[in-house]
Amino acid sequence: MKRIEKDKIRDLVAGQVLFEEPLKKYTSFQIGGPAEILVIPKDLEDLQKLIKYLYKQQISYQVIGNGTNLLISDQGLRDVVIKLNKVNNIIKFVDNKLITGGGVNLPVLAKKAAQRGLSGLEFATGLPATVGGAVVMNAGTELGSIADLLLKVKVLAITGDLKVYEREDLEFNYRSSKFQSHSEIIYEVEMELNKGDKELIIDRMREILVKRKGNQPLSLPNAGCIFVNPSSDSAGRMIDEAGGKGLQIGDAQISTKHANFIVNLGNATAEDVLNLIERVKGLVYNKYGINLEQEIKFLE
Ligand code: EPU
């Protein structure tokens, strides 16, 4: 990007603007080269100013939330990178409805809903995503996914203007939504939860967390499940059966606890992870004739 554009962005935005900022600091994998320019807008107005400018100048950008489902290239990113978690952190309950900002931490939201005796978000316990990231991915578990709860999604269109979608417009599917092929930014969502028994909801969440800590490698840097599950099986089980557990390239390792996770043992690079992904896909293809599809998003 031209020097003049970088200076313009720095002057335009009231939030943080960082140059050559290592992105490994912003991903749960702790992997990723530098962003030529990383912007952390401080509120909606700030973000709108930025998006309008980028739109006018035809400068492309990439958006990150909590960085939990991402693998970022070792070479870093030349686009403008926008980190969204400060833009909208509203949490507002109206009866059994909930209005919440795209930057809100999903497990925190799940806890607040539980404390009000509202059920529906239990699955999100310990799922390290922002609300916005979770909507883009339609994050979930076998207990449910975020699309099941949504009524409306307010986004920032590429022009920088706000726009509202109804759930029916969003093409939700298993771990996918229309937003995966769309450069719109999730600003706010409205959800409908169910009234339930507070103590029961909290107990259920505690059980989910204990189970997750027991069978997922949560104490090492990772990016959640690497592959989506094929329609009638579990990718983790298949990789395990194909002998993938513990395979290692550089410091990237197929978790010995859950085979659909890759963990960073210290200094893993994106290249290590990509090579390991190819290796594992080969193992599963040879044993089952199935091509595993990635769930994590690779940015380069
Ligand atoms: N299994 C193995 N070996 C392994 C891993 C799993 O044999 O290494 C077996 C388990 O014993 C179990 C079956 O495979 O019989 C399914 O495993 P699990 O219950 O862990 O569920 P999963 O299908 O592997 C899904 C989600 C997870 C979510 C869990 C918990 C996907 C791709 N994964 O995993 O989500 O946390 O259920 O409900 O949908 C994520 O999306 O990032 C993620 C981690």
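Hey, could you check the stretch 107-124 for residues that are assigned to a loop (DSSP other than H, G, I, E, B) and surrounded by fewer than 24 Cβ atoms within 10 Å (Cβ to Cβ) and say which is nearest to the chain's Cα centre (by Cα)? Among those residues, the one meeting the criterion is 120. Being crowded, with 17+ Cβ neighbours inside 10 Å and within 23 Å of residue 133 (Cβ to Cβ) holds for only one residue in 15, 33, and it is 33.
Restricting attention to the stretch 253-300, the residues that are part of a helix (DSSP H, G or I), out of contact with any strand residue (DSSP E or B) (no Cβ under 9 Å at 6 or more places or on another chain) and within 15 Å of the ligand (Cβ to nearest atom) total 3.
State the number of residues belonging to the stretch 265-300 that are of a type in the set (Phe, Trp, Tyr) and under 23 Å from the mean Cα position of the chain (by Cα). Quick ask: steps written out before the conclusion?
Step one: list which residues in the stretch 265-300 are of a type in the set (Phe, Trp, Tyr), which gives 285, 288, 298.
When the remaining residues are screened for being under 23 Å from the mean Cα position of the chain (by Cα), the result is 298.
Residues that pass the stated criteria total 1.
Here the condition is being at pLDDT below 95 and either surrounded by 17 or more Cβ atoms within 10 Å (Cβ to Cβ) or under 22 Å from the mean Cα position of the chain (by Cα) (or both); of 166, 184, it holds for 184 alone. Summed over the stretch 79-94, residues that are at pLDDT 95 or above and open to solvent by 50 Å² or more (accessible area, probe 1.4 Å) total 4.
Can you tell me which residues in the stretch 95-106 are within 15 Å of the chain's Cα centre (by Cα) and either part of a loop (DSSP other than H, G, I, E, B) or surrounded by fewer than 17 Cβ atoms within 10 Å (Cβ to Cβ) (or both)? Correct list: 102, 103, 104. Residues of the stretch 1-58 that are at pLDDT 95 or above, assigned to a loop (DSSP other than H, G, I, E, B) and over 30 Å from residue 221 (Cα atoms): 13, 14.
The values are calculated or read from the model by the stated rules, or taken from the named source; none is laboratory data. Here the structure is a predicted model, which means the values were calculated and not measured. We place every Cβ from the backbone using ideal geometry, glycine too, and count neighbours over all the protein chains shown. With ligands, DNA and RNA removed, areas are computed over all heavy atoms of the protein, side chains included. Shrake-Rupley method; radii C 1.70, N 1.55, O 1.52, S 1.80 Å.
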